[in-house]
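First comes the structure, then the notes that go with it.
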Amino acid sequence: MSKLAVVAIGGNSLILDPKKVTVEDQYIAAAETSKHIADMIEAGWDVAIGHGNGPQVGFILRRSEIAAKYEGMHEVPLEVCGADSQGAIGYAIQQTLQNELISRGIKKPVATVVTQVKVDKNDKAFQNPTKPIGGFMDEAEAKKRQHDLGWNVVEDAGRGWRRVVASPIPQEVVEIESVRTLLKNGTCVITVGGGGIPVIDNGKGGCLGIAAVIDKDFASSLLASLINADLFIISTAVEKVAINYGKPDEKWLDHMTVDEAKAYLAEGIHFAKGSMAPKIQAIINYFENGGKEALITNPENIGRALRGETGTRITK
């Protein structure tokens, strides 16, 4: 039996150079990441892939804002932007990974599942939205959108006004049975893209989209638990995790236990809230739901990390 891994890759990993952000540039970056995931598959792993979409949703929103302002087009709701990005990023990863596998003589299908992730409409995050999205506005436009559209808006460090939305905790992967079926039949599945399209219960047993942003590492952690993954990999910008990062006593970690991870996180000085802290919490969540092993490293070192040569390995 093959072992099963969930690999969570960041949306920023598709933008290797801030001056190269076109669709073609992102496709090239996806092809590079796909090589490393193909290495895993060639080594005998079955893989489910989660990914971020922050920059890409920003691009979609900006296009929508410009089209509305200058051409009178309708603006695209945030959850639909998430769906759009799932399809586009999924396409890039799906095609580049499939091409890489074919070039190696590996017959394994790859498929993207446009995935809804259910959240609690009473999640406390909705009471205090903090996640900035979209472009900057002047105060008059921001207040008008607040009045007309019910947006939450804040002044952003003197740079202008921006919309903010909630980042609730993921509760349920709606398409999980489809994902399980595909994995069971040998398909490499790209799912919970961007943390999933946020939806709430519509009161009739179905779903209703809601404007929010779900952390992709939290969603990937939930996915890993639901499919009973043997390994949860968070692929990020650094080769290893560090404590006392950027300080004279900085220390790069080869290994952590879950209890050590909890202790470091509780100290509140080692992991930045907007970057490494949610990744560590996502891994803790995975273990608390029966997880077995986790790794944090950058895409180009996934193969070496699996061999125990680098990365930060987290165990019980």
Inset, instruction - At least 2 residues that are among the hydroxyl-bearing types (Ser, Thr, Tyr) and buried (at least 22 other Cβ atoms within 10 Å of the Cβ) in each: list the helices (runs of 4 or more DSSP H) lying fully within segment 208-297 that qualify. - result: 216-226
Inset, instruction - Six or more apart or on different chains, Cβ under 6 Å: which pairs go from a residue in segment 66-85 that's assigned by TED's automatic domain parsing to the domain that holds residue 116 to one that's among the aromatic types (Phe, Trp, Tyr) and in a helix (DSSP H, G or I)? Could you list them? - result: none
Inset, instruction - Could you grab the pairs with beta carbons closer than 6 Å, sequence gap of 6+ or different chains, first residue in segment 285-312 and over 18 Å from residue 35 (Cβ atoms), second one surrounded by 15 or more Cβ atoms within 10 Å (Cβ to Cβ) and of a type in the set (D, E, K, R)? - result: 292/230; 312/240
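Just to be sure before I move on: is residue 154 more than 30 Å from residue 316 (Cβ to Cβ) and crowded, with 24+ Cβ neighbours inside 10 Å in the structure I sent? It would help to see each step written out before you state the result.
Working: more than 30 Å from residue 316 (Cβ to Cβ): yes; crowded, with 24+ Cβ neighbours inside 10 Å: no.
The answer is no for residue 154.
Working carefully through the options 253, 208, 222, find the one that is over 16 Å from residue 280 (Cβ atoms) and in the same structural domain as residue 124 (by TED's automatic domain parsing).
Details: 253 fails: over 16 Å from residue 280 (Cβ atoms); 222 fails: over 16 Å from residue 280 (Cβ atoms).
Going through 253, 208, 222 in turn, just one is over 16 Å from residue 280 (Cβ atoms) and in the same structural domain as residue 124 (by TED's automatic domain parsing): 208.
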Inset, instruction - State whether one or more residues within segment 13-31 are buried (at least 20 other Cβ atoms within 10 Å of the Cβ) and over 21 Å from the mean Cα position of the chain (by Cα). - result: no
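The values are calculated or read from the model by the stated rules, or taken from the named source; none is laboratory data. All values derive from a computational prediction rather than experimental measurement. Positions of Cβ are backbone-derived with ideal geometry, glycine not excepted, and every protein chain shown enters the neighbour counts.
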